[in-house]
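Engineer: Please find one structure pasted underneath; my questions will follow.
The values are calculated or read from the model by the stated rules, or taken from the named source; none is laboratory data. Keep in mind that what you see is a predicted model, and the values were worked out from it rather than measured. Note that we place each Cβ from the backbone using ideal geometry, even for glycine, and neighbour counts take in every protein chain shown.
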Amino acid sequence: MEDKQDKTKRLSVYLPEKVKAELERMADDTGLSMTQLIVMATQGLLANYSAQGGAIFADLLSARHRIFEEVKEKQVLLEVEKQNMQAYYGARAEEYERIYHREDAEYQQELALLSDIIKRQVDGRRVLEIACGTGYWSQIAAEAATQLVGVDIRPEVLHIAESKPWPKGNATFIEGDAYELPEIGGEFDYGLANFWFSHIPRNRIDSFLQGFHERLGSGAQVFIADNVYVPGRGGELITLEDSEDTYKRRELADGSKHEILKNYFSYDELTDIFKPISQHLRIFVGGSFWYVCYTVK
Ligand SMILES: C[S@@+](CC[C@H](N)C(=O)[O-])C[C@H]1O[C@@H](n2cnc3c(N)ncnc32)[C@H](O)[C@@H]1O
């Protein structure tokens, strides 16, 4: 029997800005909603396909080579972006934690709020921390957790994390990729990922979360926090016409310049992403940080 849930599965589709603008215009002209127009277009496509079969894609197929080339180019670009970001955090390892010492009362208050919630939630839990960096949040979590495994792709930051004091001897660090979590051993019932989510390309968010949740298992608790966009803070924001991702231009103490993929999310976007895949979802969007915490479905 078909699973009822499958019928209502959320389908996220990225539409280029130009297509979205034209669709909006059509919605204004016709009085139909954008969703109705998309559903009608899909039904038209399906009817056409059932009448004529794959022939309707003839034009597309003849342009296959070009499309393959474009996809390949996009994949190379994504890989370059990934490498850029990783190299940036490798180079930034020594100076990374300076961000947490910002002299700003509201910023420090929100930072303390995140720490308090994490400490309370991880009590007695086995924590898998994604992109743990220099172990700033690992230290906070390991105070109350039974066990913590921190994963990061850069050895430079892991060396710093490992060299910190771990009075309970309950923290270990592993070099690994956030997108390849099955390779990380251990059993966990708490997932922590701070200041990592903003670096995920939007078209990889669903697959990252799916891998994260699969690794944790149903019933595990998750806490994810990241930055709210504050103009003038953390480098210049770069938006590109044909990209759904945004970037930050940053300079390190050695004068090196970097462009890093960094996305920002509104309350509604966070709801859209996390609501369908969670239970007991709580979302907070403050002046400096946002967080979500929930139970894996
Ligand atoms: C903004 S830092 C956050 C560090 C730490 N979670 C914190 O909040 O202090 C982002 C981290 O993501 C790590 N990273 C980048 N790409 C990664 C990947 N594919 N898998 C795991 N870690 C990655 C970087 O090395 C860096 O330490």
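Rundown of residues vs (1) within 11 Å of the ligand (Cβ to nearest atom); (2) crowded, with 19+ Cβ neighbours inside 10 Å; (3) in the same structural domain as F195 (by TED's automatic domain parsing), yes/no style:
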residue: V76; (1), (2), (3): no, no, no
residue: H101; (1), (2), (3): no, no, yes
residue: Q108; (1), (2), (3): no, no, yes
residue: I130; (1), (2), (3): yes, yes, yes
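Engineer: From the list I238, I283, I260, exactly one residue is touching a Leu at 6+ places or on another chain (Cβ under 6 Å) and assigned to a strand (DSSP E or B). Which is it?
Structural biologist: It is I283.
Engineer: Give Y179, Y107 a once-over and let me know the one that is among the hydroxyl-bearing types (S, T, Y) and in contact with a helix residue (DSSP H, G or I) (Cβ under 8 Å, 6 or more places away or on another chain).
Structural biologist: It is Y179.
Engineer: Return the pair list, or none, for Cβ contacts closer than 6 Å from residues in the stretch 178-193 that are modelled with pLDDT of 95 or more to residues that are among the β-branched types (V, I, T) and surrounded by 16 or more Cβ atoms within 10 Å (Cβ to Cβ), at least 6 apart or on different chains.
Structural biologist: Close Cβ pairs (under 6 Å, with a partner that is among the β-branched types (V, I, T) and surrounded by 16 or more Cβ atoms within 10 Å (Cβ to Cβ)) amount to A178/I130; Y190/V122; Y190/V127; G191/V222; L192/V127; A193/I130; A193/I224.
Engineer: Taking the stretch 152-190 as the search range and keeping residues that are polar (S, T, N, Q) and part of a loop (DSSP other than H, G, I, E, B), which one is farthest from the ligand (Cβ to nearest atom)?
Structural biologist: The residue in question is N170.
Engineer: Hey, can you tell me all the residues within the stretch 249-264 that are modelled with pLDDT under 95 and surrounded by 15 or more Cβ atoms within 10 Å (Cβ to Cβ)? Show your work before the answer.
Structural biologist: In the first step, residues of the stretch 249-264 are kept if they are modelled with pLDDT under 95; the result is 249-260.
Those that are modelled with pLDDT under 95 and surrounded by 15 or more Cβ atoms within 10 Å (Cβ to Cβ): R250, H258, E259, I260.
Engineer: Determine whether R125 is within 15 Å of the ligand (Cβ to nearest atom), surrounded by fewer than 21 Cβ atoms within 10 Å (Cβ to Cβ) and of a type in the set (K, R).
Structural biologist: No.
Engineer: Same structure again: S207 fails exactly one of the following numbered conditions: (1) over 23 Å from R282 (Cβ atoms); (2) among the hydroxyl-bearing types (S, T, Y); (3) more than 15 Å from the ligand (Cβ to nearest atom). What is the number of that condition?
Structural biologist: (3)
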